[in-house]
Amino acid sequence: MLGQLTTQVNASHCMIDFINNYLALFTLYFALGIEFSGVMHCAYLIQYGVALVSGEEIKSNEEPRTWVQSIFFWFRVLLSLTVLSFSLAVTLVALFQGKTTMWPNVPTWASLLSFVFLLILVGMLEAMQISFYACAKMKKRRTG
């Protein structure tokens, strides 16, 4: 993670140097393809849920979606939620049936607990990475 974070912070200050090659172009097109596929669109449910609970309106620079775009968007959200649910079901079945690489004497509940702990840990590391990246882009006067 630290190696990746260092290059991201460096790239945030010297963008042209990092994107001026074919590997970066391939990475961009690959990431755009994943975004278009909608595999990660279930995160929008969290965004809309948080906005609903907080009572805040989601501000966007994009034009409002047409009904065709809305149908395509919600189809991808549903597809993403289906893939996520299937992945979670397969993982939980494997944990409860003992089809993991966990040590033989570890009980099932401990495997599940370690799985949940590692998911939370990875989520916090991702959040830290986003906050470090945001702090690197802050102006000097705002850093204190």
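The values are calculated or read from the model by the stated rules, or taken from the named source; none is laboratory data. Everything quoted here is computed from the prediction, not taken from an experiment. Cβ: placed from backbone, ideal geometry, glycine included. Neighbour counts: every protein chain shown. When the accessible area is computed, the model is the full protein with side chains, heavy atoms only, and any ligands, DNA or RNA have been set aside. Shrake-Rupley method; radii C 1.70, N 1.55, O 1.52, S 1.80 Å.
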Residue count for segment 124-144, restricted to those that are at pLDDT 85 or above and either under 20 Å from Ala89 (Cβ atoms) or not in a helix (DSSP H, G or I) (or both): 0
Residue list for segment 24-61, filter: open to solvent by 90 Å² or more (accessible area, probe 1.4 Å) and either among the aromatic types (Phe, Trp, Tyr) or in a loop (DSSP other than H, G, I, E, B) (or both): Phe26, Tyr29, Phe30, Phe36, Met40, Glu56, Glu57, Lys59, Asn61
Output for segment 86-132, where each listed residue is surrounded by 13 or more Cβ atoms within 10 Å (Cβ to Cβ), among the hydroxyl-bearing types (Ser, Thr, Tyr) and farther than 22 Å from Val39 by Cβ: Thr100, Thr108, Ser111, Ser114
Test for Trp74: is it among the aromatic types (Phe, Trp, Tyr), within 22 Å of Ile34 (Cα to Cα) and either part of a helix (DSSP H, G or I) or in contact (Cβ under 8 Å) with a residue 24 or more places away in the chain (or both): yes
